[in-house]
Structures are given as structure tokens and as C-alpha cells.
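Below you'll find the structure, written out as C-alpha cells, and then a few comments.
Quick note: the coordinates plus some simple rules give every number you see, no bench work behind them. Everything quoted here is computed from the prediction, not taken from an experiment. Counting neighbours? That spans all protein chains shown, and the Cβs are built from the backbone with ideal geometry, glycine included.
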Amino acid sequence: MAFSTEGQQTEDYLFKIVLIGDSAVGKSNLLARFARNEFDQNSKSTIGVEFQTQKMDIDGKEVKAQIWDTAGQERFRAVTSAYYRGAVGALVVYDISRRQTFDSIGRWLNELHTHSDMNVVTILVGNKSDLKDAREVPTREGKALAEAQGLFFMETSALDSSNVNAAFQTVVKEIYGILSRKVI
Ligand code: GDP
Ligand code: MG
């Protein structure tokens, strides 16, 4: 609990959110776009970043999202249980121009559910929506999978910024809603 300068009580929320999905689907760039409004063609942003804390405004309340990036661990299929520990939200990402990354989603969801609470608020994210001519996964397939698994769904582009804020906002807003309902 914290107090603003006006003396009003404000809740101090910090939500851990994890980014998962195959290598090179754009996880690090989604985070770079969201937290720093940057994009990196060479994907160097993967290296060294463990998590980034981002302040967000949800219905007029300040909420902090602590967003974890895999730092390339997924290349070795060795994302550790510590990565998932305490997560309340997840962005499970594939690349709409590489079907193989969509086919991996089931495995990532299993891993998420093995290592974290079943109630973790999850959005399925089809990234690289700017690559229209190279699309291998139709929007309706992403949508159908999300519906079947009870996930939110959005297509994003870290390159042109499309839906990037919206994807993170959707998850944080839902978590915030669940927690504030619990308080009441
Ligand atoms: P990660 O391994 O999942 O963290 O993926 P990166 O963020 O490192 O991105 C892998 C590659 O895809 C890099 O060359 C990025 O420049 C590129 N990339 C990431 N997001 C997008 C996107 O939305 N559109 C396009 N066209 N390329 C992207
Ligand atoms: Mg990365």
C-alpha cells in the first residue's frame, strides 16, 4: 500500500508476466517495443535482459508489470522453473509467418501449466502481422486455438507497433480485474 502526494490511498501492484514461445518469434522485440518503444533488426535485445518493469495505467490506477524475457534459454528447450515462478500472466507467442512456431504452442502451454498456477492469465499472440505476404497461419486458426484453450488472442507487430500495447494491456487489465474483485 502506498500513499500519493494528495494523501489518497493507492494500491501498489506488481504483476509478474512471462513471455514464452519458440526462438525468434519476436518476444524480445515485443518487450522492447512495449517498454522502450524500440525495435531491433538483429535481435540483440535478447541477450542479458532478465525482466523489465513497466508502469501502466489501468482504469486510472498505476500498476507495475514485471515482464520476463527468456534471454534465449528457449533455444535449448531449457526455460527453468524459476522463470515461471510467481507469474500471474503470460504472453505465448508464435510467428504468423512460420507455422512451426504455431505448432509449438501446445508444448509451451503444457510447460506453462506444469510450472505455474492454472489461473495464469494468458494471451496467445501471433506476432509479425506486418509480414502479410509470408503468412503461414491464418488469423482464424489462431483465434480458434485461443478459444479452444480459453485464452485471449491478438495478432501483433513489434515492427510497426500494431497491437503491442493492447496485448500487454489486455493481460494486465484482466489480472487487475481478478485481484480487485477478490478484494471486494
Ligand atoms: P525472440 O527470439 O523471440 O526474442 O525474437 P526477437 O525479438 O529476437 O526477434 C527475432 C527476429 O524477428 C529479429 O530479427 C527481429 O528483428 C524480427 N522480428 C521481431 N518482431 C517482428 C515483427 O513484428 N515483424 C517483423 N517483420 N520482424 C520481427
Ligand atoms: Mg529473445
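A few comments on the model shown:
- Spread over its residues, the convex hull of the C-alpha atoms of the chain is 124 Å³ per residue.
- The HN-Hα couplings worked out from phi for the range 19-35 by the Karplus form 6.51 cos²θ - 1.76 cosθ + 1.60 (θ = phi - 60°) are 9, 9, x, 4, 4, 6, 7, x, 4, 5, 6, 5, 5, 4, 5, 5, 8 Hz, whole numbers, x standing for Gly and Pro.
- Selection from 60, 73, 176 lying farthest towards where the dipole of the chain points positive, charges on Cβ: 73
- Simple Cβ-charge dipole of the chain, Lys/Arg +1 and Asp/Glu -1, about Cα centre, in debye nearest 20: 260 debye
- Secondary-structure-derived ellipticity at 222 nm for the chain, considering helices only, amounts to -10000 deg cm²/dmol, per-run term -39500 (n - 2.57) for DSSP H runs with n ≥ 4.
- For the chain, the tally of Lys pairs with Cα-Cα distances below 24 Å comes to 28, considering only residues 8 or more apart or on different chains.
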